[in-house]
Every structure is written in structure tokens, then in C-alpha cells.
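Each remark here refers to the structure printed beneath this line.
The values are calculated or read from the model by the stated rules, or taken from the named source; none is laboratory data. Fair warning: this is a prediction, and the values are worked out from it, not measured in the lab. All Cβ positions, glycine included, derive from the backbone under ideal geometry; neighbour counts span all protein chains shown.
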Amino acid sequence: MLEKNQTVIDYRHLYFKYEGSDEQALSDINLSIKKGEFIVLTGKSGCGKTTLTRCVNGLIPNFYNGEFRGKAKVKNYDLSKDGIREISREVGSVFQDPRSQFFTLHVKTEIPFSSENYGIDSEIIQENIIKSVEDLKLNKLIDKQLLNLSSGEKQKIAVASVYTLGALIYVLDEPSSNLDSEGTKQLGEVLRKLKEKGHTIIISEHRLNYLKDLADRVVYMENGGIKEIIDGKDFVKKSSLWLDKKDLRQLYISPIELIKYDRNSKSIRANPLLKVDNLSFRYRGGKYIFDNVSFDSYGGDVIGILGKNGVGKSTLLKVLMGLEKPNKGEIYIDAKKASKRVRIKNSTYVMQDVDYQLFAPSVLEEMIIGLPDSKEIRDKAKEYLSYFNLEKYIERHPASLSGGQKQRLAIAMACMKDSRLLFFDEPTSGLDAANMKQVSSAIRKISNNNRCIFVITHDEEFANLTFNTVLKFNDDKTINYFNINKEKNNYKKENLA
């Protein structure tokens, strides 16, 4: 048994360069972590924090090839000598998307999967499962299929699998990036329980607000190196300005003030671009996902679509853009009833993972794909690339761009089609503060009187910066429409929960 103050992770002059890269991913890392510490790694995208987590669980140098120098010890293992199987018995990993580490279909079989692979006695496994279910409050989930769980619940099961194995150290890479506020809260509660149990936790994160009361130390990284190590108690006192200068997400996020929309108010604008009347939808044989929804959207509106994971936000987008037919209700564009064909013609959709929409060998070719190849079209593409500060990447392969650059490229591509309705699904997932702000600015730039923009997000900081109106999903299948920060006589104020 390790003592409380015993070092469990120790790096001395650690360097790493990925195979085929000219840049150091890690540069002169010196860091010691004691048993029971909660360490947050943060910094801009590409700063090296994910690479450092891979030096905790043994993926570097055992899985990712490259130039590895320096000393790296995890518990009693030397990363340069010991295999990943030995290290992973002591270090449990939880990835950004827990689905990537699931191997079965049911919660009951997934939790013991890692333990069974190590040949642990079945009686001990059963005892550990009971302990995991009790400690992590999984009673309501144990009999469910993994496919039916929310993102937050899936993260809990990924943690439970590691917990059942009896790992001493937990390493998590951007675990909140796909979670709604409820899922993030659940994740925070699980991490608090692990900390109380004395486990060592290393977490790489952009979103910091749910970790502010958990961190013992915050490691701020730049260009592959450790720039600053801050005591957790001092970090929570850092000003908004200090965080902005470091391009870090805010620790304290103000709730969005929502003002109930009254369709019959005399102050409501005339001539909505998109009008929705009594819209309802359900899949064949299923229950209604949303029911009797009505709202108006105007040119220049940037509309946030908010709600828990799984409530039907993406389904609403599919209906609005013509990919699904509503069971009841009507949709109008410019006061004319809009068929599925008309809605598809007027819509452009940008996925959460824009990699699925990038096909061309260069940024410029990506901009004009599917359009007539003419000087006029190419000049228009260059103009939009300049608009979004992407002109210097014009000959680059889209796959070589950062996450934020890819998102801005996808927005620029959407502009090329001159669509009346633009739809974005979680455009800031996994983005640091600087890239999140760039995406927010890009979306606001392209809003105009001839276009409505709809954005699904769980990112409250991004929502505060970006939206002027909100569609909020409720648990009873209804959707409420709100304006933001507009004092009107016929409006009722609410706060976003």
C-alpha cells in the first residue's frame, strides 16, 4: 500500500516527438505527482496535454511511435522498459468518447470486462462490481443496454470499469467535451468520489468550471512544455482577464437570461424568414420526441438549441432542414409552405465532427467542391477564406488543420452555398477558449437579414457569446422559445437551468 505522500508519477527531462513530425510534442517535462493528487492539465489546443496523458497510461512509447527521451516512472514501472499491459493494470484510462473503449452491449457485462481480461478471480470481480455500483451510484443503470445511456451515463460506466479493476491512477482526456450540463455534473460527482477514495487523478481539459473545486494543482502547458504549475486554491482566484490572456475557458459562467417569447405581442417583428406551426414528430411506433411546437425565426437570428442529451435536438434539425417529415404541423419559408424538397434546397448542415464533410486535397478545393469551377467562384472562395482568417492555409490539406480551423473552414464552406438556413451541431466540442471564440465570431459574422442560423450546443460559455434567441427542450416533449436580454412588457424572465 502506498503512503499518502508517496510519489506515483515522476517525469525527469522528458521529451517526445511523434514519428514523422519535426516538432517536439513534449519538451523538458519535469513533474512529480503524489498519491491521491488531483492534477488538471490545461492550455491551448496542441500544447501537449493529451500527449502527456499518454505518458501516464503507457500509450507512449508502447503504442504511439516516436523519439522518446528522459525518465518517466509510473508507480514502479519505467515507461521505456515496461509494457502497456503491466502499466494499464495500475492506470485506468477514460477517453473523450467512452464508446471507443466499450466492448460489450450491456452495462452488466461492460463493467467487469477489463477485470476478466486480467484473469482476476470471478468472486473478487463480483465483490468489486457491487462496490462500484454502490460507490458510483449505478443502481439505476446496471440492467440497461449501453446504447440507451446518455453521454454522461456512458462516462460513468467507463469510470466504473476502471474502478472495478482496482486501478490506483485515473487518466482522463477531455471527458466533458460531449456532455450536457447534467452529464458534466454527474462526471464531477464521480471524480469527487474517486478523489475522496484516495485515487490519483490526471485530467486533460479545456472546460474548467466543473473542476475548480477539485484540482489540487493545475498544470498550464505551452508548446509541449510546462509553463506554470498553480496551486488549486490559487487557481480558483484567477481573474477572467488572466484566463483570457492564457486563452483558457472561464471558471465562472453566468447563466443565460432568457425572456419568454410571446408570439402575439405587438412588439414582435413582422415577416419571419422561418415560421413553424404546431410541429410534432415521432419515429414509427415510438413516442413523440417533440409535440405541438410553434415559433418564428427572423433573418439575422442566431438561434441556440438547448436541452439534455437525447431529448431530440438533432431530430428537430433534421425536420427543419427536410431530412425528416413531421407527423403534424407546417413549416413556412418567407410565408410560403415549405415542402421537404424546398427545405433541403434552402439548408446547409455542418456536423459536429467536420472531418466527415472534408473530402478535397486542399482548403481551396474544399471550398468549391460541388460548384462550377470558375474564376468568379474561386475569388469568392478566397474572399470567404480571408473573412475567416484561413487564407494562408489555402493550399494546405484540410486534414492538417486544427479543430478550430476545420470548424471555421466548414462555416466558410456553408457560406459558399448562400443557404437561407444554416444548421450547426456542437461546433465547439473539444475546442479551447481561443478556437471557441473564433467559431463564435465566425457564426455571428455570417448572420444577416437573409439567413437564419441554428446551433445545437451544450457549451454555456459559447452560448453566452453567440445567441440572440434560444429554443429550449423540456422534459415534457415541449419546446419553449426565448429571446435573450431584451426587456419587453409582454415577456416573462427565466434563467437557463
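Do you know which of the residues in the stretch 264-273 that are of a type outside the set (Ser, Thr, Tyr) and more than 33 Å from the chain's Cα centre (by Cα) is modelled with the lowest pLDDT?
That would be LYS266.
Yes or no: the stretch 135-155 includes at least one residue that is crowded, with 19+ Cβ neighbours inside 10 Å, in a helix (DSSP H, G or I) and of a type in the set (D, E, K, R).
yes
Going through the stretch 366-409 one residue at a time, which ones are outside any helix (DSSP H, G or I) and over 16 Å from ASP355 (Cβ atoms)?
GLY370, LEU371, PRO372, ASP373, SER374, PHE388, ASN389, LEU390, ILE394, GLU395 - these are the residues of the stretch 366-409 that are outside any helix (DSSP H, G or I) and over 16 Å from ASP355 (Cβ atoms).
Do you know which residues across the stretch 323-346 are within 19 Å of TYR288 (Cα to Cα) and over 26 Å from the mean Cα position of the chain (by Cα)?
LYS325, PRO326, ASN327, LYS328, GLY329, GLU330, ILE331 - these are the residues of the stretch 323-346 that are within 19 Å of TYR288 (Cα to Cα) and over 26 Å from the mean Cα position of the chain (by Cα).
Find the residue count for the stretch 312-344, including only residues that are assigned to a loop (DSSP other than H, G, I, E, B), in contact (Cβ under 8 Å) with a residue 40 or more places away in the chain, over 18 Å from ARG284 (Cβ atoms) and touching a Phe, Trp or Tyr at 6+ places or on another chain (Cβ under 9 Å).
1
Which of the residues that make up the stretch 254-264 are in contact with a strand residue (DSSP E or B) (Cβ under 7 Å, 6 or more places away or on another chain) and part of a loop (DSSP other than H, G, I, E, B)?
The answer is PRO255, ILE256, TYR261, ARG263.
Going through GLU174, GLU257 one at a time, which residue ends up being surrounded by fewer than 22 Cβ atoms within 10 Å (Cβ to Cβ) and touching a Lys or Arg at 6+ places or on another chain (Cβ under 7 Å)?
Selected residue: GLU257, the only one of GLU174, GLU257 that is surrounded by fewer than 22 Cβ atoms within 10 Å (Cβ to Cβ) and touching a Lys or Arg at 6+ places or on another chain (Cβ under 7 Å).
Restricting to the stretch 170-198, and then to whatever is among the polar types (S, T, N, Q) and in a helix (DSSP H, G or I), can you tell me which residue is farthest from GLY43 (Cα to Cα)?
Once the filter is applied, the top-ranked residue is GLN186.
Every residue in the stretch 440-488 that is touching a Gly at 6+ places or on another chain (Cβ under 9 Å), crowded, with 21+ Cβ neighbours inside 10 Å and among the polar types (S, T, N, Q), please.
Scanning the stretch 440-488 gives THR457, THR466, THR469.
Only one residue in PHE95, PHE103 is touching a strand residue (DSSP E or B) at 6+ places or on another chain (Cβ under 7 Å) and closer than 15 Å to ALA160 by Cα. Which one?
Going through PHE95, PHE103 in turn, the sole match is PHE95.
Of all residues in the stretch 455-470 being under 12 Å from the mean Cα position of the chain (by Cα) and part of a loop (DSSP other than H, G, I, E, B), which is nearest to GLN352 (Cα to Cα)?
THR457
Identify the residue in the stretch 1-58 that is among the charged types (D, E, K, R) and assigned to a strand (DSSP E or B) and, among all such residues, is farthest from MET221 (Cα to Cα).
Per the stated criteria, the residue is LYS34.
Considering only the stretch 385-409, state which residues are at pLDDT below 90 and within 19 Å of ARG451 (Cβ to Cβ).
TYR387, PHE388, GLN407, ARG408, listed by residue number.
Conditions: (1) buried (at least 19 other Cβ atoms within 10 Å of the Cβ); (2) within 29 Å of LEU243 (Cα to Cα). LEU422 meets all but one. Number of the miss?
Just one mismatch for LEU422, condition (2).
Here's a check for you: in the stretch 385-404, which residue that is under 25 Å from THR457 (Cβ atoms) and either of a type in the set (A, V, I, L, M) or surrounded by 22 or more Cβ atoms within 10 Å (Cβ to Cβ) (or both) is nearest to the chain's Cα centre (by Cα)?
In this case the residue turns out to be GLY404.
Counting only residues that are of a type in the set (Asp, Glu) and surrounded by fewer than 17 Cβ atoms within 10 Å (Cβ to Cβ), which one in the stretch 361-384 is farthest from HIS397 (Cα to Cα)?
GLU376
Within the stretch 186-199, track down each residue that is in contact with a Gly (Cβ under 8 Å, 6 or more places away or on another chain) and surrounded by fewer than 23 Cβ atoms within 10 Å (Cβ to Cβ).
Selection gives GLN186, LYS195, GLY198, HIS199.
Looking at the stretch 233-243, can you tell me whether even one residue there is surrounded by fewer than 22 Cβ atoms within 10 Å (Cβ to Cβ), under 28 Å from ASN128 (Cα atoms) and in contact with a helix residue (DSSP H, G or I) (Cβ under 8 Å, 6 or more places away or on another chain)?
Among the residues of the stretch 233-243, not one is surrounded by fewer than 22 Cβ atoms within 10 Å (Cβ to Cβ), under 28 Å from ASN128 (Cα atoms) and in contact with a helix residue (DSSP H, G or I) (Cβ under 8 Å, 6 or more places away or on another chain), which makes the answer no.
Could you tell me whether the stretch 274-288 includes any residue that is within 30 Å of TYR210 (Cβ to Cβ) and either touching a His at 6+ places or on another chain (Cβ under 7 Å) or at pLDDT 85 or above (or both)?
Looking through the stretch 274-288, none of the residues is within 30 Å of TYR210 (Cβ to Cβ) and either touching a His at 6+ places or on another chain (Cβ under 7 Å) or at pLDDT 85 or above (or both).
Give the residue that is surrounded by the fewest Cβ atoms within 10 Å (Cβ to Cβ), with candidates limited to residues of the stretch 8-41 that are among the hydroxyl-bearing types (Ser, Thr, Tyr) and modelled with pLDDT of 95 or more.
Once the filter is applied, the top-ranked residue is SER32.
Looking at (1) within 27 Å of the chain's Cα centre (by Cα); (2) touching a residue at least 24 places away in the same chain (Cβ under 8 Å), find the lone condition where ILE9 falls short.
(1)
Identify, please: which residue in the stretch 120-157 is at pLDDT below 90 and small (Gly, Ala, Ser) and is, among those, farthest from the chain's Cα centre (by Cα)?
SER132
Say we look at the stretch 42-72 and pick out the residues that are buried (at least 18 other Cβ atoms within 10 Å of the Cβ) and basic (Lys, Arg); which of these is modelled with the lowest pLDDT?
LYS44
With respect to SER177, determine if the residue is touching a Ser or Thr at 6+ places or on another chain (Cβ under 7 Å), modelled with pLDDT under 90 and small (Gly, Ala, Ser).
When the stated conditions are applied, SER177 passes them.
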